[in-house]
1. Once Lys and Arg get +1 and Asp and Glu get -1 on their Cβ, which of Val28, Leu58, Pro75 lies farthest toward the positive end of the dipole of the chain?
2. Do you know the relative contact order of region 7-60, to the nearest whole percent, from alpha carbon pairs under 8 angstrom that are 6+ apart?
3. For the chain, what is the accessible area per residue in Å² when the probe is 1.4 Å?
4. Could you tell me what fraction of 2.2 N^0.38 Å the Cα radius of gyration of the chain comes to, as a two-decimal ratio?
Amino acid sequence: MTIPPRLIGRREAAEYCGIADSTFSLWVSTHKMPPCIPGTRKWDKRAIDAKLDEIGGLSVNDNEDAYDKWMRENPA
């Protein structure tokens, strides 16, 4: 049984996101994607997932007002 790695390189991270290597590099430099783990050239898949959730509007905001949440989830 082979366990897929949680840490991946830049090329694998771009592929994981379904974007070009250059686009991934741009997204890292503009903080759309997390930086690599300090002291490595590896990215954590969970950190990438969290940023993709944020970009896609799937982040959980525990401080959100219940009424604002209802309005966001139930547009007119």
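The values are calculated or read from the model by the stated rules, or taken from the named source; none is laboratory data. If you're wondering where the values come from, they're calculated on a predicted model, not measured in any experiment. Virtual Cβ from ideal backbone geometry, glycine too; neighbours counted across all protein chains shown. Ligands, DNA and RNA are excluded from the accessible area calculation, which covers all protein heavy atoms including side chains. Shrake-Rupley method; radii C 1.70, N 1.55, O 1.52, S 1.80 Å.
1. Val28
2. Working: 47 pairs, mean separation 18.6, N = 54.
Reported relative contact order: 35 percent.
3. Details: 6060 Å² over 76 residues.
Value for the chain: 80 Å² per residue.
4. Numbers: Rg = 15.8 Å, N = 76, 2.2 N^0.38 = 11.4 Å.
The chain yields a ratio of 1.38.
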